[in-house]
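Asker: This structure is in structure tokens; I'll ask about it shortly.
Nothing in this text is a laboratory measurement; each read-out follows from the coordinates by a stated rule. Given the structure is predicted, the values throughout are model-derived calculations rather than measurements. Note: ideal-geometry Cβ built from the backbone for every residue, glycine included; neighbour counts use all protein chains shown.
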Amino acid sequence: MNKCKGFTLVELMVVLAVIALLLSVVVPDYMGKMRRAEEAVLQQNLALMRDSLDKHYADTGKYPTSLEELVAKHYLRSIPKDPFTQSAATWVAVPPQDTRKGNVWDVKSSAKGYERY
């Protein structure tokens, strides 16, 4: 009676079903936490840039003409990346009501669904 050691097809199917069940519970929670982390980074980046805009206005009496001006004048080391678009070039600059005061009064994300930030 030589029996080959190994797993039967049924045992393998049960193990795969258990793994699939565990993944179906864990993955949505992980994705939700990733989205919340990206939102937190977005809010932090926006707060940093808005603070720099306010400091520029307090120092010069007008808003910068572009976000790059904040870097050139050392209000920012670099323009942070939008965590949803993964680019520093996709920020949307909001001009002030009085355009004589500059071009960038506020900044928003261009990512779909996050324009409100």
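Asker: For segment 62-80: of the residues being over 22 Å from the mean Cα position of the chain (by Cα), free of Cβ contacts under 8 Å to residues at least 24 places away in the same chain and assigned to a loop (DSSP other than H, G, I, E, B), which is farthest from Gly102 (Cα to Cα)?
Answerer: Restricting to residues being over 22 Å from the mean Cα position of the chain (by Cα), free of Cβ contacts under 8 Å to residues at least 24 places away in the same chain and assigned to a loop (DSSP other than H, G, I, E, B), the top hit is His74.
Asker: Let me ask you something else. Val10 passes all but one of (1) under 23 Å from Val92 (Cβ atoms); (2) part of a helix (DSSP H, G or I); (3) β-branched (Val, Ile, Thr); which number fails?
Answerer: Checking Val10 against (1) under 23 Å from Val92 (Cβ atoms); (2) part of a helix (DSSP H, G or I); (3) β-branched (Val, Ile, Thr), the one that fails is (1).
Asker: If Asp51 satisfies every condition in (1) exposed (fewer than 14 other Cβ atoms within 10 Å of the Cβ); (2) assigned to a helix (DSSP H, G or I); (3) over 20 Å from the mean Cα position of the chain (by Cα); (4) not aromatic (Phe, Trp, Tyr) but one, which is the exception?
Answerer: Failed condition: (3).
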